[in-house]
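S.K.: The structure that follows is given in the form of structure tokens.
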Amino acid sequence: METTNAIDQTVQQQLEAQLKELLDEEPETKRFPAPNVALGEELGKAAEIKKQAKKLMANALDDARMGRQISMKPIHEITQRMMESMLNNDDALLNLSLIKRRDDYLFQHSVNVGVFLMAVARSLDFEENVVIAVGIGGLMHDIGMVRIPEDIYNKPTKLTDYELRQVQKHVELGHRLLVRTPGVPEIALVIAGSHHSRQDGSGYTLNHVSERYTQFQQLSAIIDIYDAMTSHRPYRRPWTATNALKKIHEMSGKRQLDSSMVQSFIHRIGIYPVGSVIRLENQLVGVVTQTNWSSLLYPKVRLLADQRDGKKIESRDVDLLEWKDKGQGYTIVASGHPDDWGIDLMEVLPHGEAYG
Ligand SMILES: [Fe+2]
């Protein structure tokens, strides 16, 4: 295991200062009661649901590409199953969306945006039917991409201005396609048409969003950015979760993204989301296995290596919150991407096989 990679500590410190400020406020998100099903048990089922959702999205995108009508029935059914998984355990599907594999981007991104939207909507206490409708919005939000020429969509280098304008058309094309499709909830039309809009009027959007939907429109913009940044793309490496959150936080400072929705999102996934590699002040290196609701800077981690000699240690699980005041350096000072440390999350995370 390579543990000598420098992680940008200045960025880390700035981020912590900014996010600490944000976290001084009491979150609006609710604290979930204990899950009905243990995470280890639900993860396997959630992985099956996610696989099925990706397959259905592949079919829907295929139908759209061929000019056939998309059947919404299977999309409603799979979103219902996603909901049931969250009722069993809110973290299973969410963890699967936080940990990225190299995969077909559009299918994976569509499902991830659906999962994140549902997870935050649940934390904001929305009713089940709203959570499901928002999830459908996430699944279908980029459907217009099927009309963008593949050589532009998959181009491994920077897009020209012309190509960029072509890609931006996916918003209008997707909205138009969904309007013609029976069984698409109104909120899904809003999300498809406005997930690239920015609060300050920048970005690109199709429709004016009525006030009752602005929360979800903003949330879809935040989640779309986060998931895109942290995913593997042909033209760049994935951003670390913490750097993506820093960027989103900066954008909310510029009034491009709604700060209260940014806060709700961060409160749901954590400052060091599951799968983040972290280094402690005492130089031990580990991976985040669970977020602590009450203190996002002190998650539960699995320690794996010692930065001082770069060697693996016998892995052990530590709740940083319990060690917070013990003065032995169990405070996070840096975070990075598992790839930078040669860490395979499937090997080191509890129930890692589910993330394959
Ligand atoms: Fe998009």
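S.K.: Looking at region 317-342, which of its residues are at pLDDT 90 or above and out of contact with any Leu (no Cβ under 7 Å at 6 or more places or on another chain)?
M.R.: Once the filter is applied, which keeps residues that are at pLDDT 90 or above and out of contact with any Leu (no Cβ under 7 Å at 6 or more places or on another chain), region 317-342 yields ASP317, ASP319, LEU320, LEU321, GLU322, TRP323.
S.K.: Could you pull out the residue among GLU163, GLU84, GLU77, GLU172 that is within 13 Å of the ligand (Cβ to nearest atom), assigned to a helix (DSSP H, G or I) and either outside the structural domain of PRO338 (by TED's automatic domain parsing) or without any contact (Cβ under 8 Å) to a residue 40 or more places away in the chain (or both)?
M.R.: GLU172
S.K.: Another question, then. Only one of GLY137, GLY114, GLY144 is within 16 Å of the ligand (Cβ to nearest atom), in contact (Cβ under 8 Å) with a residue 40 or more places away in the chain, assigned to a helix (DSSP H, G or I) and touching a His at 6+ places or on another chain (Cβ under 6 Å). Can you tell me which?
M.R.: Result: GLY144 is the single residue among GLY137, GLY114, GLY144 that is within 16 Å of the ligand (Cβ to nearest atom), in contact (Cβ under 8 Å) with a residue 40 or more places away in the chain, assigned to a helix (DSSP H, G or I) and touching a His at 6+ places or on another chain (Cβ under 6 Å).
S.K.: Quick check: anything in region 219-228 part of a loop (DSSP other than H, G, I, E, B) and either out of contact with any strand residue (DSSP E or B) (no Cβ under 8 Å at 6 or more places or on another chain) or within 16 Å of the ligand (Cβ to nearest atom) (or both)?
M.R.: No, because not a single residue in region 219-228 is part of a loop (DSSP other than H, G, I, E, B) and either out of contact with any strand residue (DSSP E or B) (no Cβ under 8 Å at 6 or more places or on another chain) or within 16 Å of the ligand (Cβ to nearest atom) (or both).
S.K.: Quick check on region 175-196: of everything there that is away from the ligand (no atom under 11 Å from the Cβ) and of a type in the set (Gly, Ala, Ser), which residue is surrounded by the most Cβ atoms within 10 Å (Cβ to Cβ)?
M.R.: Filtering first and then ranking leaves ALA188.
S.K.: For GLU211, state whether it is among the charged types (D, E, K, R) and under 27 Å from ASP104 (Cβ atoms).
M.R.: Answer is no for this residue.
S.K.: Evaluate region 53-63: report whether one residue or more is among the charged types (D, E, K, R) and either in the same structural domain as ALA354 (by TED's automatic domain parsing) or within 29 Å of ARG237 (Cβ to Cβ) (or both).
M.R.: Yes, region 53-63 has at least one match.
S.K.: Which pairs have Cβ atoms under 6 Å, sit 6 or more apart or on different chains, and link a residue in region 213-227 that is free of Cβ contacts under 8 Å to residues at least 40 places away in the same chain to one that is part of a helix (DSSP H, G or I) and within 13 Å of the ligand (Cβ to nearest atom)?
M.R.: GLN217/SER194
S.K.: Of the residues that make up region 255-269, is at least one part of a strand (DSSP E or B) and either free of Cβ contacts under 8 Å to residues at least 24 places away in the same chain or more than 22 Å from PRO35 (Cβ to Cβ) (or both)?
M.R.: Among the residues of region 255-269, not one is part of a strand (DSSP E or B) and either free of Cβ contacts under 8 Å to residues at least 24 places away in the same chain or more than 22 Å from PRO35 (Cβ to Cβ) (or both), which makes the answer no.
S.K.: Hey, another quick one. Restricting to region 208-225, what's the tally of residues that are within 16 Å of the chain's Cα centre (by Cα) and among the polar types (S, T, N, Q)?
M.R.: 3
The values are calculated or read from the model by the stated rules, or taken from the named source; none is laboratory data. A quick note: this is a predicted structure, and the numbers were derived from the prediction, not measured. Please note: Cβ atoms are built from the backbone with ideal geometry, for glycine as well, and neighbour counts cover all protein chains shown.
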